[in-house]
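The values are calculated or read from the model by the stated rules, or taken from the named source; none is laboratory data. Predicted, not measured: the structure shown is a model, and the values here were computed from it. FYI the Cβ positions are ideal-geometry reconstructions off the backbone, even for glycines, and counts take in every protein chain you see. Surface areas here come from the heavy atoms of the whole protein model, side chains and all, with no ligands, DNA or RNA. Shrake-Rupley method; radii C 1.70, N 1.55, O 1.52, S 1.80 Å.
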Amino acid sequence: MENVDKLEMNSSAADRRLSTLARHLAVTINNEGSSIFSSPTSAGDSAFANVARAPEDPILGVTVAYNKDPSPVKLNLGVGAYRTEEGKPLVLNVVRKAEQLLVNDRSRVKEYLPIVGLADFNKLSAKLILGADSPAIHGNLVTTVQCLSGTGSLRVGAEFLARHYRERTIYIPNPTWGNHTKVFTLAGLTVKTYRYYDPVTRGLNIQGLLEDLESAPTGAIVLLHACAHNPTGVDPTLQQWEQIRQMIRSKSLLPFFDSAYQGFASGSLDGDAQSVRMFVGDGGECFIAQSYAKNMGLYGERVGALSIVCRTADVASRVNSQLKLVIRPMYSNPPIHGASIVATILKDRNLYHEWTLELKAMADRIITMRKHLFDALGARGTPGDWSHIIKQIGMFTFTGLNRKQVTFMTKEYHIYMTSDGRISMAGLSSRTVPHLADAIHAAVTTVV
Ligand code: PLA
């Protein structure tokens, strides 16, 4: 009998997922003005003749378009990927060193990792975000699983919540990283938004944010960007974080932190973890998805971690057992190389120190680019207040340029960026700032 009940429960979860998927696809397809039933023109007898062409991803598709452009002056400010002053991707020195150590160690093998990943990596990742002296870690209240970078960590966390948490609505900020809605919807959660950014002040709409959280149903999940909010570059102050924390706890909402930029906002790993630590410090529960893509430059290695902070050690260990059931049928277990690099760096005092210096240098270069761009627009007398360029935090500037102006800049200046006017400051260099400033000036003065 019990098994039958379980089966029924599972099948209704599966139904829910299927209908969510159908809804999601319907939206995508309608946006494209076509339908899966539209008849093909040249697909012959293919079993997939009715597959509609999907649009490119709004962020990664920018790189696809950039790669096709033969112009020598083209500039990719779409995806958030760090570039050097020479415009080249950067492999951190400390990463090269760690890789050398790994290669030289002949005792290392390529066996499968456990389902939850590399144990050292998990422990060190929790320590990195929560702090070495975190009582939650010392009390074994935290369970951490290695996942496929930030995205995979969000997805595993969302899948767990869809199966085991009573409230299936997640509130995400408006705007937010474009993939959040898809990750959470396809995991079976219902996505709603809370007010975040005020286009008039180009700052945080703290009033709207608090009101929206106040009217959320008790227990709802709330997605928070731990630091360097993407795409706006606007973060709450510590005082505002405290207001948010109080609201979340008073309504028994469940915080889910997305920490994709630790160290990139302020240049300090501890500084950028303060929001998360504030929430963990109050003894309440929370989820944290960590990515090493940006702060260690390990983009393509797909290294990340999901930590769930629970009330008791016993709950944490039961949660861990269920996370394994989420992961095993999805990708069985995570890859070994990137996590080994991270663990090598995090556990060695000298390598860790070297990493913090390289990270600070990346953060500082981004801040310098902000200043250069701001000055360059000032020098051109570009109409408007551009002070948000130097006020915003992290990898991106949310310029305020509209879709038409973005299209103009791409067409006339070969500058690639997302259509919401977000530019990756990490993709700029002293050499390319004048070109961008010229383009923005032309867009603002000729396109409304
Ligand atoms: N969360 C946020 C807020 C992000 O901005 C990104 C990456 C991720 C999670 C996922 O990163 P990961 O899976 O690679 O660890 N956002 C990028 C890239 C940098 C992307 O869209 O995939 C961006 O350009 O917005």
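Quick notes on this one:
- When you work out D = kT/(6 pi eta Rh) for region 57-167 at 10 °C and 1.306 mPa s, using the Kirkwood radius from C-alpha pairs as Rh and the Stokes-Einstein form, the result is 86 µm²/s.
- Pair Lys192, Arg311: separation of 7 Å Cα→Cβ label points (nm): 2.4 nm
- Hypothetical label at Ser252: residues of region 204-224 whose amide nitrogen lies under 18 Å (7 Å Cα-Cβ projection): 213-222
- Remark: the Cα gyration tensor places region 147-218 in the oblate category, a/c being 1.5 or greater and a/b not exceeding b/c.
- Across region 49-201, the relative contact order, built from alpha-carbon pairs under 8 Å that are at least six residues apart, equals 14 percent.
- As a rough guide to protection, the peptides 297-308, 250-261, 424-435 ranked by mean Cβ packing within 10 Å, highest first, stand as 297-308, 250-261, 424-435.
- Amide H to amide H, with H built 1.01 Å from N, Leu224 comes under 5 Å of Phe256, Phe257, Asp258, counting only residues 5 or more places away or on other chains.
- Positive end of the dipole of region 112-347 (Cβ unit charges, origin at the Cα centre): among Tyr112, Leu253, Gly338, the Cα lying farthest that way belongs to Tyr112.
- Cβ-derived FRET efficiency at R0 51 Å, Ser430 paired with Asn140, nearest 0.05: 0.55
- When only alpha carbons are used to place a centre, region 322-369 and region 379-408 end up 31 Å from one another.
- Accessible solvent surface per residue of the chain, calculated while the other protein chains remain in place, 1.4 angstrom probe, Å²: 47 Å²
- Placing R0 at 25 angstrom, the Cβ-Cβ distance between Lys360 and Asp133 gives a FRET efficiency of 0.65 after rounding to 0.05.
- Using a simple spin-label model with pseudo-atoms 7 Å out from Cα toward Cβ, Lys391 and Ala379 lie 2.5 nm apart.
- Put a dot 7 Å past the Cα of Asn179, heading toward its Cβ, do the same for Thr445, and the two dots end up 3.9 nm apart.
- Short-range pairs are left out: with C-alpha atoms under 8 Å and at least six residues apart, the relative contact order of the chain is 22 percent.
- Subtracting the Cα-Cα distance of Glu86 and Asn104 from 0.36 nm times their residue separation leaves 3.4 nm of extension gain.
- The relative contact order of region 112-347 comes to 31 percent, based on Cα pairs under 8 Å that sit 6 or more residues apart.
- DSSP beta bridges fully contained in region 112-347 are about 45 percent antiparallel.
- Dipole in debye (nearest 20) - the chain, about Cα centre, beta carbon charges: Lys, Arg +1; Asp, Glu -1: 360 debye
- Additional length obtainable on full extension of the chain from Gln239 to His353, 0.36 nm per residue less Cα span: 38.1 nm
- FRET efficiency for Asp57 and Thr407, using Cβ-Cβ distance with R0 set to 22 Å, rounded to 0.05: 0.80
- Lysines with Cα under 18 Å of Lys371, excluding same-chain neighbours fewer than 8 positions away: Lys360, Lys391
- Bridge orientation summary for the chain: considering DSSP beta bridges with both residues in this region, about 50 percent are antiparallel.
- Within the same chain, lysines fewer than 8 places from Lys68 are excluded, and of the rest, those with a Cα less than 19 Å from its Cα are Lys88, Lys411.
- Heavy-atom surface analysis with a 1.4 Å probe gives the chain a carbon and sulfur content of 55 percent of its accessible area.
- Global form of the chain, assessed from the alpha-carbon gyration tensor, a/c cut-off 1.5: rounded
- If you count Lys pairs in region 112-347 whose Cα atoms are under 24 Å apart, skipping same-chain pairs closer than 8 places in sequence, the total is 11.
- Accessible area, probe 1.4 Å, largest first, for residues Arg202, Arg422, Arg245, Arg166: Arg166, Arg202, Arg245, Arg422
- D_trans [Stokes-Einstein, Kirkwood Rh over alpha-carbon pairs] for region 111-241, 37 °C, 0.692 mPa s, µm² s⁻¹: 198 µm²/s
- Glu111, Glu167, Glu159, Glu412, reordered so the largest accessible area comes first (probe 1.4 Å): Glu111, Glu412, Glu167, Glu159
- This model, with +1 at the C-beta of Lys and Arg and -1 at the C-beta of Asp and Glu, gives region 112-347 a dipole about its Cα centre of some 620 debye.
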